[in-house]
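Structure first, commentary second.
The values are calculated or read from the model by the stated rules, or taken from the named source; none is laboratory data. These figures come from a predicted structure and were not determined experimentally. Here the Cβ positions follow ideal geometry from the backbone for every residue, glycine too, while neighbour counts run over all protein chains shown. Calculation scope for accessible area: heavy atoms of the full protein, side chains included, ligands and nucleic acids excluded. Shrake-Rupley method; radii C 1.70, N 1.55, O 1.52, S 1.80 Å.
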Amino acid sequence: MDNKFYITTPVYYANSQPHIGTSYTTLAADIIARYYRIELGEDNVLLQVGTDEHGQKIAETAKSQNKEPKEFLDELVPSFKKAWKMLNIDFDVFVRTTDPRHIKTASDLLQKVYDNGYIYKGVYEGFYCVGCEKYITKKELVADKCPSHPNKKVSYQKEDNYFLKLSEFAPKILGLIESGEVNISPKHRKKEIVNRIKEGVEDLSISRESVDWGIPIPWDMEKKSTLWVWVEALINYYSVTKFDADKNRFWPADLHLVGKDILWFHTVIWLSLLLAADLDLPKQVFAHGFFTIDGQKISKSLGNVITPKEFIDKYGVDGARYLIISAAPFGDDRDIKREDFDKKYTSDLVNGLGNLTARVASMAEKVNLEVDSKRNEMTKEVGVKLKSFEFNNALNLIWDRIRKADKLINEKEVWKLEGEEKKDVLVKLVGEIRQIGVDLKPFLPESAEKIIKQFAGPKIVRGENLFERLKPGV
Ligand code: MSP
């Protein structure tokens, strides 16, 4: 394995506040990044996050609020940074696609693709969905609407556009994906992409004549069009590695983490652009599923958006992290019942982890227990599960340990024991709790640190409760 790991998250549209859905990918990326920092060392991991700021959707939202796009964005974008900080996302770089450094990299890259002969002028005629910021075929329409945005009208356009020769790259990309040279996972998503490529890939329009709020086409002297927001937004992943010299070595990305909705862009379109610009290709693209809440898509218009702040106010930072990441097996779609969050918080965190640490610390303090101050290494199996995106299974292993420790306390009735016998069991329990603390580091960083500190020895004292009980009615 290289001694570096570069993991990316989608740059989210900065047209509305971050919510639990967007937090999902970002949190998963943070957990993976934290794991690799332990494995490879702090300086050898790069986690990028950011916002997607060009295109028609942003321009229209700004206009509806009587603001210039840049003014609107400068007001909104800090809410993303704040949300990620609140969730304890330890990102290395926050990229905005309006950053002049990104604009330059994106322009240079597209110019190169043009110089290499992979772009030609043509006419685009067809539908466009502003909600998705994508061209949409007649076949994809459901009752004349985009299936992802049934409340919005699709527009019909006929424009002079520039096209990328996607069809030319399709056979090569198919080979790269099928052979696993570019690893697309989970398997069923890889299959979807492979099948879609086999159905035929058309050249791709990469410019928009009717959109001003975007990066000008570098080679087009008439300056009539801008780059289609998706092609330049993808380039953010590369731009970040050019921000300063010590980031150059992180290219190519080791892992693009995305939702299943944007896998096509991150495979066929992104790989074509990179091949056309003679750049190295990413090692892996992982697409996770979507979750709905109480059977509904998370959406502002349905009024069921949960912001990270709401979640953190109720469950604390680590409570929020735990509930979000354990809500569904990572690759799958899942419907979440709001009330399940409360139940899970109480059973797993208050009565599970919190109660175990409080009980053992209290018994250890009473008998003046002395333990060595050895530090543990992460349980191998937990790391293996985490690395393969099986967050739920990694957490299950940790919670098995918690349950076993609880069982030991109850079976031995430790509170009734005396002298050496009691101390022996407590030493064992402290060892288990330390291991739990170490294993939890990527998932619940604050609580893990508290546990590790509290049980580091040589003396163990009672501490604050890790998780507060939920107050009724909140
Ligand atoms: N701007 C593009 C991405 C460009 S990347 C070069 C975009 N932005 S988005 O704001 O719409 O974010 C989409 C991503 O948000 C999904 O791919 C997924 O990572 C995340 N999610 C949004 N809602 C979600 C759920 N309800 N469930 C899980 N993930 C969700 O697309």
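The C-alpha atoms of the chain define a longest principal axis, and helix 445-454 lies at about 20 degrees to it.
Count Lys and Arg as plus one, Asp and Glu as minus one, and take only other residues whose Cβ is under 12 Å from that of Gly383; the net charge is then 0. Ligands, DNA and RNA left out, the 1.4 Å accessible surface of the range 292-433 is 48% carbon and sulfur atoms.
The string of couplings for the range 253-267 from the Karplus curve (6.51, -1.76, 1.60, θ = phi - 60°) is 5, 7, 8, 9, 9, 9, x, 4, 5, 10, 6, 4, 4, 7, 10 Hz, one whole number per residue in order, with x for Gly and Pro. Judged by the mean number of other Cβ atoms found within 10 Å, the most tightly packed of the peptides 92-98, 48-54 leads the ranking 48-54, 92-98. Relative to the Cα centre, the charge distribution of the chain, modelled as +1 at Lys and Arg Cβ and -1 at Asp and Glu Cβ, gives a dipole magnitude of about 900 debye. Residue by residue, the range 140-152 carries 3J(HN,Hα) couplings of 6, 5, 10, 6, 6, 10, 6, x, 7, 9, x, 8, 10 Hz when phi is fed to the Karplus relation 6.51 cos²θ - 1.76 cosθ + 1.60 (θ = phi - 60°); x denotes Gly or Pro. Label positions at Leu417 and Asp280, each projected 7 Å from the Cα along the C-beta direction, are separated by 5.3 nm. Phi-derived couplings, Karplus 6.51 cos²θ - 1.76 cosθ + 1.60 at θ = phi - 60°, listed residue by residue for the range 93-109: 8, 10, 9, 10, 6, 8, 5, x, 5, 5, 4, 5, 4, 5, 5, 4, 5 Hz, with x used for Gly and Pro. Its Kirkwood hydrodynamic radius, worked out from the mean inverse distance over all distinct Cα pairs, puts the range 5-288 at 19.4 Å.
Annotation for Glu140 and Ser167: the two label points, set 7 Å from Cα along the Cα-Cβ direction, are 1.8 nm apart. Look at the dipole of the chain built from charges on Cβ: of Ile184, Val305, Pro218, the Cα furthest out on the positive end belongs to Val305. Neighbours of Pro282, meaning other residues whose beta-carbon lies under 11 angstrom from its beta-carbon, give a summed charge of -2 when Lys and Arg score +1 and Asp and Glu score -1. For Val285, the residues 5 or more places off, or on other chains, whose built amide H falls under 5 Å of its own are Asn183, Ile184, Ser185, His256. Could you calculate the contour length gain from Glu377 to Asn183, that is, 0.36 nm times the residue separation minus the distance between their Cα atoms, to one decimal place in nm? Taking 0.36 nm per residue and subtracting the Cα distance, the gain is 66.9 nm. The Val123 and Asp294 beta-carbon pair, evaluated with R₀ = 51 Å, returns a calculated FRET efficiency of approximately 0.65. Give the distance, in whole Å, between the Cα centre of the range 396-474 and the Cα centre of the range 65-84. The two parts, judged by their Cα centres, are 43 Å apart.
Taking amide H as placed 1.01 Å from N in the peptide plane, Phe5 has its amide H under 5 Å from the amide H of Val45, Leu46, each at least 5 places away in sequence or on another chain. Would you mind counting up the charge near Asp144? Only other residues with Cβ under 15 Å from its Cβ, with Lys and Arg at +1 and Asp and Glu at -1. Summing Lys/Arg as +1 and Asp/Glu as -1 gives +4. Taking Cα atoms only, the orientation of helix 20-40 departs from the longest principal axis of the chain by about 70 degrees. A dipole drawn for the chain from +1 and -1 charges on Cβ atoms has a positive end, and of Leu275, Ala143, Phe169 the residue lying farthest that way is Ala143.
Computed over the chain, the per-residue total of -39500 (n - 2.57) for DSSP H runs of n ≥ 4 gives a 222 nm mean residue ellipticity of -14000 deg cm²/dmol, rounded to 500. Dipole size of the range 63-195 about its Cα centre, with +1 on Lys/Arg Cβ and -1 on Asp/Glu Cβ: approximately 360 debye, rounded to the nearest 20.
Taking amide H as placed 1.01 Å from N in the peptide plane, Arg96 has its amide H under 5 Å from the amide H of Thr51, each at least 5 places away in sequence or on another chain.
This model, with +1 at the C-beta of Lys and Arg and -1 at the C-beta of Asp and Glu, gives the range 213-281 a dipole about its Cα centre of some 100 debye.
Computed with a 1.4 Å probe over protein heavy atoms only, the accessible surface of the range 5-288 comes to 41 Å² per residue. Considering only Tyr6, Ile58, Thr25, and ranking their Cα positions along the charge dipole of the range 5-288 that arises from unit charges at the beta-carbon of Lys, Arg, Asp and Glu, the one farthest toward the positive end is Thr25. Summary of the geometry: the range 1-23 and the range 34-63, compared by the centres of their Cα atoms, lie 5 Å apart. For the range 1-142, what % of the accessible area comes from carbon and sulfur atoms, probe 1.4 Å? Within the range 1-142, the accessible surface is 49 percent carbon and sulfur. Annotation for the range 195-237 versus the range 138-155: alpha-carbon center distance of 21 Å.
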